[in-house]
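Shown next, in structure tokens, is the structure this report addresses.
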Amino acid sequence: MPAGNELTILTAARTAGLIAAGEVSAVEVAKAHLDRIAVTDVHVRAFLHVAPDSALAAARAVDEQRAAGQPLGPLAGVPLALKDVFTTVDMPTTCGSKILAGWQPPYDATLTGRLRAAGVVILGKSNMDEFAMGSSTENSAFGPSRNPWDLGRVPGGSSGGSAAAVAAYQAPLGIGTDTGGSIRQPAAVCGLVGVKPTYGGSSRYGLVAFASSLDTPGPLARTVLDAALLHEAISGHDPLDSTSLDAPVPRVVAAARNPDVAGLRIGVVTELSGEGYASGVLTRFHEAVELLESLGAKITEVSCPHFDYALPAYYLIAPSECSSNLARFDAMRYGLRVGDDGSASAEEVMSLTREAGFGAEVKRRIMLGTYALSSGYYDAYYGKAQQVRTLIIRDFAAAFEQADVLISPTTPTTAFGIGERADDPMAMYLADLCTIPSNLAGNASMSVPCGLAPQDGLPVGLQIMAPVLADDRLYRVGAAVEAVLDQRRGHPLLTQARGLDSAAGDTGEAGR
Amino acid sequence: MSSAATAAGAAVQVPFDEAVTRYEPVIGIETHVELGTAAKMFCGCPTLFGTEPNSAVCPVCLGLPGSLPVINKAAIEYTITIGLALNCSIASWCRFARKNYFYPDMPKNYQISQYDEPLCTDGWLDVEIGDQVVRVGIERVHLEEDTGKSLHVGGATGRIHGADYSLVDYNRAGIPLVEVVTKPIPGTGALAPVVARAYVTELRDLLRALGVSDVRMEQGSLRCDVNTSIAPGGAAQWGTRTETKNVNSLRSVERAVRSEIERQAGVLDAGGRVVQETRHFHEDTGRTTPGRSKEEAQDYRYFPEPDLVPVAPAPEWVRRIAAGLPELPAARRARLRAEWGLSVLDMTALVNAGALDLVAETVAAGASPEQARNWWLTELSRRANEAGLELGALAVSTEQVARICALVDSGELNNKLARQVLDGVLAGEGSPDEVVAARGLAVVTDSAVLAAAVDDAIAANPDVAAKIRDGKIAAAGALVGAVMRATGGQADAASVRELILARCGADSR
Amino acid sequence: MTGVSITRAEVAHLAKLSRLALADDELDHLAEQLDVIIGAVARVQEVAAAGIPPTTHAAELVNVFREDVNVPSLGADAALAQAPAAEQGRFRVPRILAED
């Protein structure tokens, strides 16, 4: 029977199976992961809050359920890192910001509730770029997380904490949110599977909003099947979220188990390549294209001309929505309050609090958004960006006439160094180049590992994009790529992550 | 520019009657109506008035991080109902928008409202002023959420100015609010204040008839802002308008318009310019003062609400709502006026006295329109005035008034007795029949009793009787009086006169 | 990008509108950065989009409603639990300057 570190390298599917079969208890599994966190998180800093008591209680409940002969869900007892942007009644929710430091929500997010109902064991809340704005976790008010492949590098963002946790074997599952690429890009630079489901596929009730029309909760995992299981667990209509889809959840688990791509039409997006893309990334990407062709897929090149405008359109739409969404943080009802000395006015206290409580990137985006929505500027900026959005949707529609899925690199480079882009917003924004179009169009998109860059030995992600509500296609293609690469490699990719070797002394050794 | 125009506050007013001879006013009214739905606009919290502070809030109406709005279907239905009753076009597709500004009584620091896509547009409401009908254009009817309420602590007047801090209750935050905006109303001249008041009154009555709100201005479920501008008579363009808030009663609507016309005339007479601003109406002085001056007009940065999806009312749904509209007050008044055969002026008098519904109910309970009107406008109005009560607050029901009328019709009561019965009912002695029985107030019809009384009167007044016998019929009056006194007024005077004449052997011709 | 997209004064105004009490050097730094960013995002204006409708939402949902029924509220205690200041069952906030 596996124990200790052996438990932490298992997939979610395998873990759930062992628990259901009674070969290991959920409590043991939870303990093993909590131990792993205790040893490694001082280096990885994936978690803002670890909740051992509530995690063990949840694990105990699963064990009791099993003992009582009640049926267990497919993820019962599996530990998970929850991005600190979701409300939880028994853990603080900070969104990586000082302005919400210690905030204890009085309600669970719908997604939180679904995880609990599924018997998932939430180990704690993971680090993130403040209010989901960033691509590295360097915008977290509580310090960046580190990439288990190289602790001097970023784990991507904004869901970098969840990615780091899963890549460091602190949990087999993570939940992130993807507004401009914030699940897929961390997945790519950490060697994980990360999925942005179709917008509206998973409830946003209790997800602290950054950009309402773009925010999408999604899974992070080490395998395509694990991601599929989590995808199904969190998806489905929620009457508390007006933008949630009232449609059947795409059958992604079945698709993950049927990785047949023969005859599938795969479009390589012309615009998502070229200058600015690291050669190592392009090398692995082209290999992935060849791999898919060798499996029987029909590769074509597809042009989506307006994708070149996706980045500027996104950096108008998202800040506009966020400038409004973050207005509620004003020191009046919850959160930080600064400057209330008895003589300052409410307006002054609001301004002093927001100045002290928000980081630089958040302030930049708030002001950018305020600008774009201003009278006299609305048409030229926000209005225009929304038109570009329409054109991007049309580009996708045309592209999906010619192809069943589209592919591209997930992000132009491998994990960059901590501090390298910290005060260069434009350079940081470029990390989202490939991922943003799917956020604007709302269609499903996945990053799956496609090898390590020869130059630096760091993970490269392959992005797969499918039409709205065709999330299953992602898993079909992703699982196919994963199967071939795993087989060629002979071992799971993550066992090659060396970042924690000297630090923790025992990374993936037991995985072989 | 004269010093009068530049002096703050106490600028010279031009008396209203004079002002309207030289200036033509244009008015506009924005009315906010709290809907009487069970739940709030975007969540399931209750909309009750007067509960413990912050007891009717949830993550949504408190604007907690992560919360999301979901549109209350009844609020949409009520708004469409209002729009149809105001003869508006109902949008086939529209959206909510965010109106962004910071204020502590707004939990999200934006209000979910409607901007350039209101649910209803381009309607009208006819307002009767005497025998004139003014058609007030309705620009739009849209839906939004109400804000919380603040108590300002520490200042002298309980208002913001001079307060040390404020206490906020969010129970009201999120209650559905319908905003009805008129088109500008020109051409009312001296009647502008009256038209404004009449419009708000008619709108209030219409909303009440629709059952969509309890429309109580004193409780804040109906709020008005009045816009006023004036221009020199014959001018090609309208003047600059001001917006007056804190207009909390129908009377204040009239006074606020009046006051603004006087003030603006004073400004223009002195060669100054009316400043486009928001002003605050003061009940005590009947005047307006400027709101805190803002550096520039507020830029609300409206954009379509991304947490909501569009509203596209199905034509079938709108048809069903239209078919279900109740009889509106104007139509009802016209119908009753025709049924009762009243002149416009008489009808207006009824309405102004607040007696229309009471009369209608009394008629429905069996009285004739004449009787009902008569009782309510004379006897009952008098008693209401004496007691300092509204007509409807008198301790007599319309059924009871109808019963009294019926008793007079049947001859069981004469008018004098009827008034005594009314007194008894108002005093709480019971129903009209119970009062009649208890006080013995029925008209005496027993011929033996009457005959005896007549004989007594004749015997006591032989000289009068003699005159009657000699043909002086008019002398019978004194004997009638005597018999009425003897019977405590409970005889029918006409019958008594006939009896007397017969007894005296005189011709009652 | 050449040319000024946004002035320091405009940025100061935006900060005020957004209720951000920026320090002077912070304002300088942010103004520079915003100038660059706005210059970059202004690229959207290059796109010929005459007659193209704007998209607010990728999904084409309409008419999502809730029924007019009451659901239990949080309760005053829970509502006020995280308030920076509370008094008499209400949220206590510093003195408000502006009239509504």
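General remarks:
- Overall, the range B:399-509 carries a charge dipole of about 480 debye about its Cα centre when +1 sits on the Cβ of Lys and Arg and -1 on the Cβ of Asp and Glu, all other atoms neutral.
- Rg(Cα) / (2.2 N^0.38 Å) computed for the range A:140-231, rounded to two decimals: 1.01
- Placed amide H near A:G267: partners under 5 Å, 5+ positions off or other chain: A:T300, A:D404, A:V405, A:L406, A:I407
- In this structure the range B:405-495 gives 49 Å² per residue of accessible area when probed at 1.4 Å with all protein chains present.
- Of A:A76, A:L406, A:I175, farthest towards positive along the dipole that unit charges on Lys, Arg, Asp, Glu beta carbons give chain A: A:A76
- At 0.890 mPa s and 25 °C, Stokes D of the protein assembly as shown from Kirkwood alpha-carbon radius, µm² per second: 72
- A Förster radius of 22 Å combined with the Cβ-Cβ distance from A:A262 to A:Q487 puts the calculated FRET efficiency at roughly 0.80.
- Judged by the gyration tensor of its Cα atoms, with axes a ≥ b ≥ c, the range B:329-439 is prolate; a/c meets the 1.5 cut and a/b is the larger of a/b and b/c.
- Burial of 30 Å² or greater, the range B:299-313 residues [accessible area, probe 1.4 Å, versus chain by itself]: B:D299, B:R301, B:F303, B:P304, B:P306, B:D307, B:V309, B:P310, B:A312
- Electrostatic dipole magnitude of the range B:329-439 [Cβ: Lys, Arg +1; Asp, Glu -1; Cα centre; debye, to 20]: 340
- Scaled radius of gyration (Cα, divided by 2.2 N^0.38 Å) that the range B:447-503 gives: 0.97
- Anisotropy class of the range B:274-373 from Cα gyration tensor, a/c 1.5 cut: oblate
- Heavy-atom accessible area buried between chains A and B is around 2600 Å² (1.4 Å probe, both sides summed).
- Whole-Hz ³J(HN,Hα) from phi, Karplus 6.51 cos²θ - 1.76 cosθ + 1.60, for the range B:366-381, glycine and proline x: x, 6, 7, x, 5, 4, 4, 4, 4, 4, 5, 7, 10, 3, 6, 4
- Among the listed pairs A:K98/A:K363; A:K363/A:K384; A:K363/C:K16; A:K98/A:K125, a Cα-Cα separation exceeding 19 Å is found for A:K363/A:K384.
- Counting only Cβ charges, +1 for Lys and Arg and -1 for Asp and Glu, the dipole size of the protein assembly as shown around its Cα centre is about 500 debye.
- Sites B:E399 and B:A438, calculated FRET efficiency, Cβ-Cβ separation with R0 25 Å, nearest 0.05: 0.85
- Residues with amide H under 5 Å from that of A:V121, placed H, sequence gap 5 or more: A:G77, A:V78, A:L80
- Angle in degrees between helix B:476-486 and the longest Cα principal axis of chain B, rounded to the nearest 10: 70
- Axis of helix B:192-210 versus longest Cα principal axis of chain B: the two differ by about 80°, to the nearest ten degrees.
- Judged by a Cβ-Cβ distance under 4.7 Å, the unpaired cysteines of chain B are B:C43, B:C45, B:C58, B:C61, B:C94, B:C224, B:C405, B:C504.
- Seen from all directions on average, the range A:184-306 presents a Cα convex hull projection of 9.3 nm².
- Pairs from the table (A:K83/B:K108; B:K40/B:K99; A:K83/B:K40; B:K73/B:K183; B:K99/B:K245) lying more than 21 angstrom apart at Cα are A:K83/B:K108; A:K83/B:K40; B:K73/B:K183.
- Its alpha carbons considered, the range B:13-111 gives a radius of gyration followed by a Dmax of 19.4, 58 Å.
- On Cα atoms only, tilt of C:24-41 relative to the major axis of chain C in degrees: 70
- Cα gyration tensor shape of the range B:378-462, rounded if a/c is under 1.5, else prolate or oblate by comparing a/b with b/c: prolate
- Chains A and C, summed buried accessible surface - 1.4 Å probe, Å², nearest 100: 5000
- A helix-only calculation puts chain A at -11500 deg cm²/dmol for mean residue ellipticity at 222 nm, using -39500 (n - 2.57) for each DSSP H run of at least four residues, averaged over all residues.
- Full extension of the segment from A:D501 to A:A356, taken as 0.36 nm per residue of separation minus the current Cα-Cα distance, would add 48.4 nm.
- FRET efficiency, C:E60 to A:D308 (Cβ-Cβ, R0 22 Å, nearest 0.05): 0.30
- Annotation: amide H of C:E87 within the under-5 Å range of C:R92, sequence separation 5 or more or interchain, hydrogens built in the peptide plane.
- Per-residue HN-Hα couplings for the range B:404-416 [Karplus 6.51, -1.76, 1.60; θ = phi - 60°; Hz; x = Gly/Pro]: 4, 4, 5, 5, 5, 3, 7, x, 5, 10, 9, 4, 5
- Taken over chain A, the percentage of Cα pairs per 20 Å bin, counting from 0 up to the bin with the maximum distance, is 25, 59, 15, 0.
- Scalar couplings 3J(HN,Hα) for the range B:158-168, obtained by applying the Karplus form with A = 6.51, B = -1.76, C = 1.60 to θ = phi - 60°, are x, 8, 4, 4, x, 6, 8, 7, 10, 10, 10 Hz; x denotes Gly and Pro.
- Aspartates and glutamates whose Cα lies under 15 Å from that of B:K467, excluding same-chain neighbours fewer than 8 positions away: B:D507
- For the chain pair C and B, buried accessible area totals roughly 4100 Å², probe 1.4 Å, rounded to the nearest 100.
- Rolling a 1.4 Å probe over the heavy atoms of the protein chains gives the range A:243-371 an accessible area of 33 Å² per residue.
- Among C:A23, C:A12, C:A86, the largest mean-square fluctuation in a Gaussian network model of chain C (Cα springs under 10 Å) belongs to C:A86.
- When the solvent-accessible area of the protein assembly as shown is split by element, carbon and sulfur atoms take up 51 percent of it, the probe being 1.4 Å.
- P(r) tail fraction, the range B:3-315 - alpha-carbon pairs more than 36 Å apart, %: 20
The values are calculated or read from the model by the stated rules, or taken from the named source; none is laboratory data. Remember, it's a predicted structure, so these values are computed and weren't measured experimentally. Because the Cβ atoms are built from the backbone with ideal geometry, glycine has one as well, and the counts that use them run over all protein chains shown. Accessible surface is based on the protein model in full, side chains and every heavy atom, while ligands, DNA and RNA are left aside. Shrake-Rupley method; radii C 1.70, N 1.55, O 1.52, S 1.80 Å.
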